[in-house]
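For reference, the structure is listed below as structure tokens.
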Amino acid sequence: MSSKLINQVFLSSSTLLLAFFSTAWNPLLAQNTPAVTTHPATTTTMQKPDRASSYYHLCLAHVYEDMASSSSPALDATRAIEEYKLALNADPNSKFLQDGLPAFYLLMGQVKEAQKAAEERIKIDPKNVAAHQLMGQVYLRSLSNGDTGEAAGATLQLAINEYKLLTTLDPKSSEYYLVLGQLYSLNKDNAKAEAEYKTALEVDPNSEAVVLNLARLYSEQGDVAKTEKFLESIPPEKRTARIEFALAATYDELKDNKKAVEAYKRSLDMEPENLDAERGLAQTQLNEGQLEDSLKTFQNIAQGDPQDAQTLIHIAEIERRQGKYEAALATLKKAETIAPDSLEVGFNKGLIEDALGHFDEATKIFEQMAEKTSHANNAYTEAEKNNRSIFLERLAEVYHEQNRTDEAIATYQKMIDLGGDYAKHGYAGQLDVYRDAHKYDDATRAARAASDAFPKDRAIKLMLASQLADTGKLDEGVSVATSLLDKTGADREIYMALAQIYIRSRRFKEAAESLDKAEALSKSSDDQLNIQFVRASLAERQKHYDQAEQIFRQLLEKDENNALVLNYLGYMLADHGIKLQEALKLIRKAVDQDPQNGAYLDSLGWAYFKLGQYELAEENLRKAVERSSTDPTLHDHLGEVYNKTGRIRQAAAQWELSVSLYDKTLTVDYDPGDKQKVLKKLEGARVKLAKQDAKTGTDK
């Protein structure tokens with residue numbers, strides 16, 4: 001059992017000496033010392049104390065105690081005990097030394113002797129708090145030293161009984177309630193643990209340890225909201241650096257980044273050198289999209305701990321997201337010198353090569369990482385599976401970007417071979433690859449294979465339902481989804497999936513009805529936000545743009561960094577040629593969070609196009625096409641840029657490609673009039689080219 005769960009309180013050398021001085025040299029205290037006591041050999045004596053000699057031997061005991069921690073532990077511990085006994089022989093009436101002997105035994109690691117000595121003290125004085133405290137510490141030491149099975153259970157119960165007794169002997173000590181609460185927590189008796197912690201707080205409302213233990217209890221029970229409420233109930237002026245740190249970590253878990261940032265800052269104001277709090281602040285700033293602030297915080301951490309490779313990796317991540325690729329590579333090189341075998345360093349190098357469009361280099365890196373994490377016998381620990389799945393998924397994505405469909409599918413198959421959730425992600429990846437390659441029959445087969453492999457998994461079943469509906473089998477898809485309804489709160493997920501299916505199939509009335517049913521089952525704020533996002537999407541698909549804009553803005557008021565909302569609203573505004581500067585700002589904020597997202601890059605390029613900034617439009621649209629080359633809309637947009645800048649032949653080529661891709665694309669993925677608009681532009685371009693060629697005498 002973990003010793004971290006148990007507070008062990010021992011008398012330090014300085015405390016012992018200070019107490020001895022108080023007894024030995026204060027005449028008043030000496031007069032009040034009980035005259036009759038017990039010698040270590042259990043004899044009673046009235047001899048005159050030789051306190052000078054006692055002090056001398058006590059000092060030697062502590063010298064040997066210090067030596068025991070470094071030179072010859074067993075020998076010096078024995079000498080320390082002998083000197084302590086000589087000190088007690090010189091002053092046998094000293095209650096301080098008598099009570100301290102069990103503690104000294106325990107300090108020297110002689111647990112059995114400590115227990116015997118404590119039991120002797122309890123026989124003489126059943127209400128001796130110090131002796132009972134030592135007995136409790138003996139049990140705690142036994143637990144922390146690795147008692148297991150029935151022995152551990154018996155020892156735990158003895159410890160509980162001892163500390164229950166201590167709370168009656170000394171009811172004004174919060175420490176005993178605290179340890180008792182920890183023991184109940186260890187015994188999985190959370191109700192009693194909570195009661196003891198609360199009693200400890202009544203005794204000492206300012207106890208940091210009690211506050212943190214009670215907060216941890218709530219957190220371990222999975223009640224993060226209760227943890228938050230409790231920690232917030234501590235008046236700000238009474239919060240310590242560690243309490244603020246715990247509150248910040250709770251906000252982190254609740255994904256309330258703004259509050260987490262402020263709590264971490266308050267913790268650091270009280271304890272500026274706490275690197276853990278600074279790391280928490282830096283990561284939360286990064287999660288909040290505060291790249292510059294996060295970078296500064298991580299750089300400060302790196303100054304305080306130059307050998308922290310993980311911090312350098314975070315700095316490189318931010319530099320990559322800021323587009324500072326050379327700086328990011330230089331930072332990763334520093335990290336590599338500290339941690340040459342770090343898989344994370346290699347992974348981030350691959351991400352940078354991918355961001356630069358160096359797909360061959362990125363592919364090589366991820367192939368090497370996948371090979372490094374491969375076992376011939378396919379036997380992996382859970383940690384190895386997790387790492388391998390990350391590298392395989394990224395490799396598959398790079399293959400996907402290059403339209404290397406077969407390699408991407410094969411790589412996702414290796415994820416499927418890992419089993420469990422990794423297999424689920426692998427099947428979903430295969431589905432996406434097949435769809436983007438317009439191999440819809442293969443995509444359906446992948447969805448059915450996933451459903452066969454995980455027949456009870458609702459998410460997999462819904463993936464199949466959506467694929468069936470998208471490929472013209474709406475009734476079958478709806479049937480698969482509705483068969484999962486079981487009249488519980490879990491039906492919310494089903495109704496959300498049905499809403500999406502109906503929106504894509506342009507069955508807007510059914511979509512709205514499904515959303516209403518999902519909303520009735522939505523409990524959390526995140527659930528409500530998700531409902532509103534889909535409502536905005538529904539309004540936009542129905543061309544109710546004002547309504548969609550209003551909902552999107554309400555969503556941004558609650559989460560100003562939601563990349564999906566930022567991109568959707570920004571693109572909608574740009575596409576209609578309104579509020580273009582704001583649209584650009586919204587989309588750039590989304591791109592900052594995901595610089596390699598082809599859809600976001602297309603939105604950014606389209607906003608620049610609408611603003612007449614054709615060079616920037618072309619730059620971003622070309623990047624978008626590199627990432628999503630099978631999307632007909634992207635080629636249409638790039639054709640518009642070429643047309644506006646007088647490159648009619650290149651524009652016509654993009655529009656021809658767009659039309660050919662529309663012919664291969666599912667009708668649910670675009671509006672009915674989109675293809676006709678591109679055809680009209682293509683015909684116009686061909687007419688212009690024919691006139692130019694006729695004028696110049698150029699062959700077609």
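Derivation of every value follows stated rules applied to the coordinates shown; laboratory data play no part. Not measured: the values here are computed from a predicted model. Note: ideal-geometry Cβ built from the backbone for every residue, glycine included; neighbour counts use all protein chains shown.
The modelled label-to-label distance for the pair Lys644/Arg588, using points 7 Å beyond Cα in the direction of Cβ, is 1.7 nm. The simple spin-label model puts a point 7 Å past each Cα toward its Cβ; for Gln221 and Ser233 those points are separated by 1.1 nm.
Between the helical axis of 149-169 and the longest alpha-carbon principal axis of the chain there is an angle of about 60 degrees. Maximal additional length on extending the Ala52-Ala376 stretch stands at 109.3 nm, based on 0.36 nm per residue less the C-alpha distance. A dipole drawn for the chain from +1 and -1 charges on Cβ atoms has a positive end, and of Ala423, Tyr440, His358 the residue lying farthest that way is Tyr440.
Our estimate of slack between Asp360 and Ala512, defined as 0.36 nm per intervening residue step minus the Cα-Cα distance, is 50.1 nm. Taking a sphere under 12 Å around the Cβ of Asp527 and counting the other residues whose Cβ falls inside, with K and R at +1 and D and E at -1, yields a net charge of -1.
Going by neighbour counts of Cβ atoms within 10 Å, the residues Arg321, Arg553 line up, fewest first, as Arg553, Arg321. Taking a ≥ b ≥ c as the square roots of the eigenvalues of the Cα gyration tensor, region 397-437 is prolate, since a/c reaches 1.5 or more and a/b is larger than b/c.
For an R0 of 22 angstrom, estimate the FRET efficiency from the Cβ-Cβ distance between Leu169 and Asp189 and round to the nearest 0.05.
0.50
Against the main long axis of the alpha-carbon atoms of the chain, helix 563-575 sits at an angle near 20°.
Between Gln528 and Asp457, the FRET efficiency from the beta-carbon distance, with R0 = 22 Å, is close to 0.30. The alpha carbon centroids of region 151-199 and region 416-453 are separated by 53 Å.
In this calculation the C-beta distance from Asn403 to Glu476 is compared with R0 = 25 Å, giving a FRET efficiency of 0.25. Sparsely packed loop sites in region 404-453 (the trypsin sites (Lys or Arg not before Pro) outside DSSP H, G, I, E and B with at most 16 other Cβ atoms within 10 Å) comprise Lys439. Straight-line cross-link reach from Lys509 at under 19 Å between alpha-carbon atoms covers these lysines, not counting any fewer than eight positions away in the same chain: Lys473, Lys517, Lys543. Per-residue ellipticity at 222 nm computed for the chain from its helices equals -24500 deg cm²/dmol, with DSSP H segments shorter than 4 residues left out and the rest contributing -39,500 (n - 2.57).
One chain, two ends: Glu683 and Glu82. Fully extended at 0.36 nm per residue, the span grows by 205.9 nm beyond their Cα-Cα distance. Helix 257-270 and the longest principal axis of the Cα set of the chain meet at an angle near 40°. Panel note: the C-alpha atoms of the chain, placed on their principal axes, show extents of 128, 56, 54 Å (largest first).
Any of Lys585/Lys623; Lys414/Lys623; Lys265/Lys296; Lys558/Lys579 with alpha carbons more than 23 Å apart? Name them for me.
Lys414/Lys623
Run down the aspartates and glutamates and flag those whose C-alpha is under 14 Å from the C-alpha of Lys424, throwing out any fewer than 8 positions away in its chain. Partners within reach: Glu393, Asp432, Asp452, Asp457. A simple count of charges around Leu286, restricted to other residues whose Cβ falls under 14 Å of its Cβ and scoring Lys, Arg +1 and Asp, Glu -1, yields -3.
Shape of region 271-328 from its Cα gyration tensor (a ≥ b ≥ c, root eigenvalues): rounded if a/c is under 1.5, otherwise prolate when a/b > b/c, or oblate?
Working: a/c = 2.46, a/b = 1.39, b/c = 1.77.
Taking the square roots of the gyration eigenvalues as a ≥ b ≥ c, region 271-328 is oblate.
Over all other residues within a Cβ to Cβ distance under 15 Å of Ser342, the charged ones net out to -1, with Lys and Arg as +1 and Asp and Glu as -1.
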